[in-house]
Structure formats: structure tokens, C-alpha cells
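Structure first, then comments.
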Amino acid sequence: MKLFSNIWTRLDDAMNPVVIKELRQAVAGKFVTSVIAIFLVVEMFVIGVHLFDASPDRLHAGIGGNVFFVLQTILIGSCLLFLPAFAALRMHSERGGVNIDLFYITTVSAWKIVWGKFLSAFVIAVLIFAVCTPFVSLSFLLRGIDLPTILTVTLFNLVGIGGAVMLAIFLAALSTNRVIKSLLFLGGIVAMIIIGGWMVALIQAVQFRGAFVAIASMIVGPGAIGNIWLQFAGMLFFIIMFMGVMFMVASALLTPPSSNRAYPVRIYMTVAWFVLFLMALCMSVNANFTMFPVQVWAVITTIMFPFVMFSAICERDRLGPRVRHEIPRSRLARIPAFLFYSGSTGGILWACMIVGLTWLMALKWDQMFGSGLVSGTSSDFGPASVMRTFTLYTLVYCLSALVLRKTLFKRIVVPELTWALALLMMLLGTAFPYILALLMKVNYIDIHSPFYATVAFRELDWNADSTIIWLLVIWAGVAGAFLAPSFVESMARFRRTPRSRGPVVTDEHEVNRQYQNLKVFQDSNPSNRTMFGVADDQIFYVELWDDQWEEAGQTIQTGQLPYPAYTHAGRLLRASEILYVHAPKRRRTISITWNHGGRPSTFKIVAPDVKTRDQFVTLVSERVELSDGKILVSLTRLVSWPIAIAAAALLIATFSYLGLEIYLKNTGRLLTDSGSVWQFMTLVIIGAAVWLGWRLWVPPKRRVLQTAAGQAADH
Amino acid sequence: MKVEVVHLKRYFGATRAVDDVSFSFESGQIFGFVGPNGAGKTTTMRILATLDEPTFGNAYINGRSVVEEPEEARRMIGFMPDHLPTHSDMSVREYLDFFARAYGIKSPRRRRVIESIEEFTGLERLRDKMLVALSKGMKQRVSLARALVHDPPMLIMDEPAAGLDPRARVELRELLKVLADQGKAIFISSHILTELAEICDGAVIIERGRILRAGTITGIMESLSEGKHRTMMIRTLGDPEDLHRQLLQMAHVADARISGLNVEADIDGDEETCCDLLAELLRLEFRIIEFHQQQADLEQVFMDVTTGEVQ
């Protein structure tokens, strides 16, 4: 007895607390009990009607199949109506209220919360199925259906209901406003109807074929029954995989934004992508090298790509301290980690990598078996063109939205809403050429012109107008070139930072004493903006985020040390501890290396032509006017305004020229092709080259701030 | 155990909810957090409770950063938000049991812990009641019990006394005193300043995200009265009018006014001056039965240092 008690205690302790809570609430509430009671009454009524209505001949022939079908339909209907709603409401009540805060401060992880919600709903589903068991047994006794069919259908139904519940939990986990929530609710209802329809159709299919025959055929070979069961197995696996994606994303949505929330999602999706590929290959080989499974896999990847891209561009550019502590130390491990860790750059590159690999793998398969999947020669359904169009348009609009958000709309659009900007641009880009064509009275239907390249998902056929594809590639390239500096910066910043162990130096007076002694402030705070200070000469290097520029200026003007928190989180070092100063010729940065607890630690600063510490101090002393107490601050902007305006002007001019040419062509005034597409491409390439040249050869801006009253002056 | 908040900043776009806030307190102390609505109290508390991430700065609980090691910090924090538990279809016992499980407390210790907390917070007779059926004061107790379930060395309490009746407030105050005596560091925000002044060892006054005053309660009050007159409350058995007239004629008395049966006198001088004044009044045969310095209370300090502006 004690053994049982011990086992029970251990089981009780090991159980997910969320499951226990949810089930307790479900039992205490009247909702679940009422639904089960109504369900029982309906089932009894249906059985009764069937039995009373059936003639002796029909009873003799066996009406079990019909009864089973009706019972299962009611079961699916009840479960799909009630359980996803139950799970979504439970999740919504946690997500929308303050209760999620209480979850966060416990040691329960987000995945445990989601799993607990799912499992509790699933347990209730099993309970309802168990309630239905006597009726199902009766249908079996009434003949007309075999046991394997009953078990197979039950398995499919459970998986389907599980998928519906997970979908509902995922939708409820989204943190959106009421309007979008309402739309999601409506979308959820439609999804449930579709899932329900599919499941009822599945019951019919299984009943029609007979489970024994079907399973036997699946084992013997695909030829016997047209491979329907292999397809079912694949579909079942796909549903479970998709449930996994929703589970991971819902967990990530519940995780605090400061954590590495994208990491498990990307790892899971990569594994799922690869496993699905292997499955597709197996199915393809099993069906005499039919390309269809690989095509399905490629299309699924392509459909997932926009979702991944839209979420990637919404991620933060700079990682928080929590994530930075988890970055691997090894450089070799950092490269793959960069792709999988949270962060917009890594997310975009990861999504592009997955699509690129899909493309390459599909290409290889295509070359091996010559189906025309990638080459586009096949007369069948053309997933290749769908892939190209979807991925390219998604990529160009996402990258363009990112460029706009980082430049023009920096203070207007928050990173979390970059997806909305991308979507808006897509809508505007699609509507604009048609509106313009309408105004110019051009018959836009017949036009295959690069002018219409902005129309989202316009060309689904590669061969119809390859110019558009090239334009999209160039567009993506230009947007990528604009983003390249920030991408490179993100990569360079992707380094592990040590954990700070609380305040070490707390003597603020030492810091604010107007820097009478030579000191270097080590940047050991993980949430750093890099800073370097030499006290006597009032030398500073401050690397700040652009949006904090003004704040730093204000702080400096008050005569205070910028961010004195460094003195708390870091350690004051003497200049004598500096080991050496290194200035590479080709870079405008110098590195200062000092003795950091017995090992050299390097700090990078921006300063030209300095090779030794004395030179550095002398140089900065010359530049810093001590009488005014000016402080040198280096500021590098992502895109300078003149360049942005010039690039915009170039693009507008090019598009205007193209528009004019199209107008002339359509009105019959231009009879020969002037090759404007190539001109357009050349202009874009020249523009990108000019911009890149500017970035490479023109030194970054320096700005001198005055600590005393005075105007900031640009150098 | 020491709690240190180091140059904490939290920006929401252009709004600086918390702007360079630093303070510290230790085990056994009750530390008040005072400020008008929208001052940044809840944001600071949420950061301390690892529910939010600062834009800059850090906070350390026993040397563990709430930013960098939130999982470790959480074990040391009991957070009582300004919202009451809203879980439906759950009894008090089930609610506490759930959070005990969530903190990984195993059986049979879990049962003992819950029972002792129920006893401490006076919830024994309510353990089988549904949460929704409880009064606000009782819900507040449940919330406190939940925050204590894993025996954290630090308690963060956001407006725990809001909406409570006087009896419930007194009871809560007593509970907090007991917890502080047990060695817990308690960080509490409240609008009821008189109560805070009674139980707090120190306080931070914050407005528009910036600290206006910080330190011990006495220190804060003294800092406010620096450079000002001492106000003495004097009561005589005779006619207060006579005393009032006499005071106005005396040296070092900047002003005097009658307040009921008392006379308030603003003295321009130190304690020596006050002693001399009392001696002089006694020499003049005033039958003084009360003579004490009027202390500025926290409410007055709050009104003096804050402007009432919101962001």
C-alpha cells in the first residue's frame, strides 16, 4: 500500500501543474459537464432513432456502419465545436489578463503552459471519446463495421481534434487587439469547419475501403490500393508536424521578448523541414519516383517562407543581455547559432537559407529524374514558378519594409509592426501600377512590363516574363545592399558577453570628480553601449544607438559622465594597465588592449591614424578643446540622408522613364524596343555601386559636442 | 541579502517611464515606493520581478541580475501585483497548491507549506472557498499567500492596500511587520502614505520616472525641513490668545497662529533656541502642558516634492 502511495506521490509531483489546474477547473466548472451530458443525450437519441427506424432486414444486413458514421460525425462536431473553444478561452484568459505575469514569475516554462493547456483539452477529448465507447461498441455489435476501421477512425479523429485544439491555442496565444482577435476567431471557425469536413470525409473513405484491406495493402505494396494509406500516413505525420510548429510558436509567443524565443522555433522548423524532405523522398521512391511528394514538400516550404520572413523582420536588431549570455564562445559554433538565435538578420538569413536549400535539393532531384520541377519544362502543376514568385516577392517587400523602418520610419514604426509595413507596401505596390495605368489609359492586361514588377505575386510562370524575376532579384539586391551595414553589424555584435556579478565599484564621487586622474572605464556591462574614457584629458569614445544620441548629448552637456552606470557594473582601470594600442591601416578603428584580471582584454574605438597610447592621448587631446570641454563622439548612421534622397530620386526617375516608354509603346508612338529594361538594371547597379562606394570610402561622420552651452557642430 | 537597483531606465518610445533610478535596501527592511500615478512605480517593480526588461541599467537581488539571470532571481522574489487573482472555478487551496507545484515544491512538503501559509495569512477557514466568492481583502490575503508559497527572501508588493477597509489594512500592516522581522526584504508601493511612514524603514519618492527623494523616512523628512523654521506646538492651561500675543512679541519667533486649543509657533533657530523659548514662557508664568516640535509627515513631504505632472 505504501509502495502505491509512493508511486502516486511521485506521479503527482511529476505532473505538469498546468494540466492539474486546468482539469480541476474543468471539473469544477459546469461547462464541461453540461457538454458531456448533452452529448450523451444526443448520442442516445440517434442510436434510438436508428434502431427504431430500421427494418428487420436492414438489422439483419447490419446497420453498424451507418450508426458508427453518424456517431462519429456527432462526436467530431461536438469536439470541434467545444474543445478548441474551451482551450482558446482558457489560453485567452491567461494571456489577456494578469495571470500570465503570475506564470512568468514562477519556474513554469512557456512550453509547459502551452503543453498543459493542450494536454488538458486532449484529456477532455479522450473523456468524451470514452463516454462514446458504449455507443461505438453497440455499432460494432450491430455489424457492418470491423474493429480495425473503428480503431483507425478513432486514431485519426483524435489526431484531427488535437490539431484543431493546438490551432486554437496558437490563435489565442497571439497578442493582438480585439479587431484582429475577432477576425482570428472567425478564421478559427472556418478552419474548424474545414477540419471537420475533412475528418468526416476521412471516415467515409476508411469505411468504404475497409481498414484491414487497406493496411495490408500498405504493407504489401502501394500498387494494390493506389497508395491511399501511405498518403494518409504522410498526412497524419504532416498534421503532427504542423501541430508541433504551432506548439513551438505559441510557446515562443508566451516567452518574454527578452529571451531567445526564436531559437526553439527555428530548430524545430529546420528539423521538421528535413524530416518532411526525407519522408517525401521515401514516398517518391515508393511510388516509382513520382515527383509529387517532393513537389508538395517544396510548396509547403514555400508557403511557410512568407510567415517566417514576416516574423523575422519584426524581431529586434540588437540582442538583449539574456540572449547574449547564451551565445556560444566558439567562433565555429557562433556561425550556425547566429542563424537560429533571435534577431532579424539571423531570421532573414535562416529563411533564405532554407528556401535556397529547398531549391537546390529540388533541383538535384529534378536533374536526377527529369520531372521539370525546377527547370520549368514540365507541363504539370508548376511549383517551381510558385516558389520563385512567392519567395522573391516576400523577400523584396520584407527587405524594403526593413529598409524603410530603419531609415525613414525609424521613429514611427516599431520593430514589432514591420510586418504591417511590409504588407502595406505590398498592397500599395500592387495597386499603384494599375491606378497609374488607368490614369494613363493603358491597357494593362496585355502589358508584360517591368513597370508592373511591384504587383505582388503577379507572374507565376517563369518563362512568361523572366525580366520581372530579374528585376525582383535586383530589387532584393539593392534592398540587401542598403541593409548590409546593419546586417554586418549584427553579425559582428553576435558575441557572448560575460555575466555581471553585481556592483563592484559604487563610489560615484570618484566618477563625477571631473576626471582628475587618468582612467579607462571598462565596458563590462552586457547591456552596453561601448564607452571609453580617459579622465585628465576628457577623452571619450561613446558608441551609442542612434535613438539615444540626443540623450547622450544632454548628459554630456550637464558635465556628467555619460552613463555613470558603467562604474557600477564595470571596473575602473588605470591607464597604466593599458598594454598597447593597435590601429590597422585599412580601418578607422583602433583597439586598446589592457590587462583585465591577468588576461588581455580589448576595446575597440574609432579614431584615425593612431598607433601608440601616447599618440592616441596626444591626438585626442589636440582634438578635444579642454577650455570648452568638447568631447569627441563618433557617429555612424545607417544611411545618410543625401544618399537616401539620391537613391530615391534615381529610382523615381527610372520608373518614370519606364512608365513613359510603356505609354509610348501602347499608344503606338514607339515601334521598336529600346531595351529599357537593361537600362533600368544598369542604372540600379550604378546606383548601388555609388552607394557602396560612398559607404566604403567616405569616413563616418564625427560630431563634436560641447559640454558648455553651445551648438553641436558637424565635422 | 541586498537588493540593488542600478541606474535603471525603461523607455517606451519617447516616454521615459523609468529614468535613471538607483536605490538599495536589505533584508529585514520594508522599503516604500511612493509616487503619483504614472510615475513609473509599477514599471520598476515589474523589472525587479523579471517581468520586464530595462532599456538600460540593472537590478541585483543578492548579486543575481534580474536582467541576465531572471530564472535565478525569480526564486528569490515573491511578487504581489496590483491585480487580484481572477482564476475562476478554483478554491483557495487549489490555487495555492497550483503555485506551490509551479515552484517545484514536492509532496509532502507542499502540503505542510500550504497549511502553514494558510495559517499565517488567516485563510484556514477559507481554504475550500472559491476565489471568486472572496472579498477583496481576502483575495489580497490569497495573493500574499501565493507570493509567500516558495518562501522568497524578497517581497515585491504593488499597491497591496488599495481598496482595503481599515481593518484589513491594519491586518496587512501587521503581517508585513512580521515578515520583515522574519528577515524578508519588502519593497512596497502605496498611495496611503501615512501607513507607509509607520511601517517603512526607507522610501523612494519618484515622479515622471525620476527619483525625487530617497533614503530613510526620517532622513527624507529632515531633508525637506532643512533651511525652514521649526514649528513648535504649544498648549497652555490658560487662554491661548494670551500665549499667541506673547509669542509674537518674543525674539526668534517668526510667526505664531492659534490652532484650536494649541498655538503653533515658527521658531527661527535650533533646539537651544526652543529650550530658551520654553524657559522664557515658564518664567512668564504660562502654565505649559504641551511643548513639542511638529514633524512633517510623509504625505506633506510627498506633496512638497512632487508636482503632480504626468508623462
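Summary of values
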quantity: Per-peptide average of other Cβ atoms within 10 Å, ordering B:173-185, A:37-49 highest first; calculated: B:173-185, A:37-49
quantity: Inter-chain Cβ neighbour average for residues B:103-110, partner chain, 10 Å; calculated: 3
quantity: At R0 = 51 Å, FRET efficiency that the Cβ-Cβ distance of A:F292 and B:E299 yields, to 0.05; calculated: 0.10
quantity: Per-residue mean of C-beta atoms belonging to partner chains within 10 Å, peptide B:94-102; calculated: 6
quantity: Residues with amide H under 5 Å from that of B:R213, placed H, sequence gap 5 or more; calculated: B:I205
quantity: Interface burial for A against B (accessible surface, 1.4 Å probe, total of both chains, Å², rounded to 100); calculated: 4100 Å²
quantity: Cα-based shape type of the stretch B:227-285, given that a ≥ b ≥ c are square roots of the gyration tensor eigenvalues and the cut on a/c is 1.5; calculated: oblate
quantity: Separation of alpha-carbon centers, the stretch A:98-165 and the stretch A:13-83, rounded to whole Å; calculated: 12 Å
quantity: Calculated from backbone phi, Karplus (6.51, -1.76, 1.60) coupling profile of the stretch A:133-141 in Hz, x at Gly/Pro; calculated: 3, x, 5, 5, 4, 4, 5, 5, 5
quantity: Residues losing 20 Å² or more accessible surface upon assembly, the stretch A:1-19, compared with the chain by itself, 1.4 Å; calculated: A:T9, A:D12, A:D13, A:P17
quantity: Calculated from backbone phi, Karplus (6.51, -1.76, 1.60) coupling profile of the stretch B:90-104 in Hz, x at Gly/Pro; calculated: 9, 8, 4, 4, 5, 5, 5, 4, 4, 6, 5, 5, 4, 8, x
quantity: 1.4 Å probe, heavy atoms, protein only - residues of the stretch A:106-121 losing at least 10 Å² accessible area vs chain alone; calculated: A:T106, A:T107, A:V108
quantity: Relative contact order, percent, the stretch A:305-372 [alpha-carbon distance under 8 Å, six or more residues apart]; calculated: 35 percent
quantity: Average accessible area per residue (Å²) across the stretch A:270-351 - probe 1.4 Å, nucleic acids and ligands excluded; calculated: 42 Å²
quantity: Packing-based order for B:189-201, A:186-198, using average beta carbon neighbours within 10 Å, highest first; calculated: B:189-201, A:186-198
quantity: Net lengthening on full extension, A:I685/A:L423 (0.36 nm per residue, minus Cα-Cα); calculated: 91.7 nm
quantity: From phi via Karplus (6.51, -1.76, 1.60), per-residue ³J(HN,Hα) for the stretch A:184-198 in Hz, x at Gly/Pro; calculated: 5, 4, 5, x, x, 4, 4, 4, 5, 4, 5, 4, x, x, 5
quantity: Distant-in-sequence amide H partners of B:F33 (H built 1.01 Å from N, under 5 Å); calculated: B:I188, B:S189, B:S190, B:V204
quantity: Averaged over B:49-58, number of beta-carbon atoms from partner chains that fall within 10 Å; calculated: 6
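The values are calculated or read from the model by the stated rules, or taken from the named source; none is laboratory data. The shown structure was predicted, so the numbers you read here are calculated from the model rather than taken from an experiment. No Cβ is skipped: glycine too gets one built from the backbone with ideal geometry, and neighbour counts run over all protein chains shown. Calculation scope for accessible area: heavy atoms of the full protein, side chains included, ligands and nucleic acids excluded. Shrake-Rupley method; radii C 1.70, N 1.55, O 1.52, S 1.80 Å.
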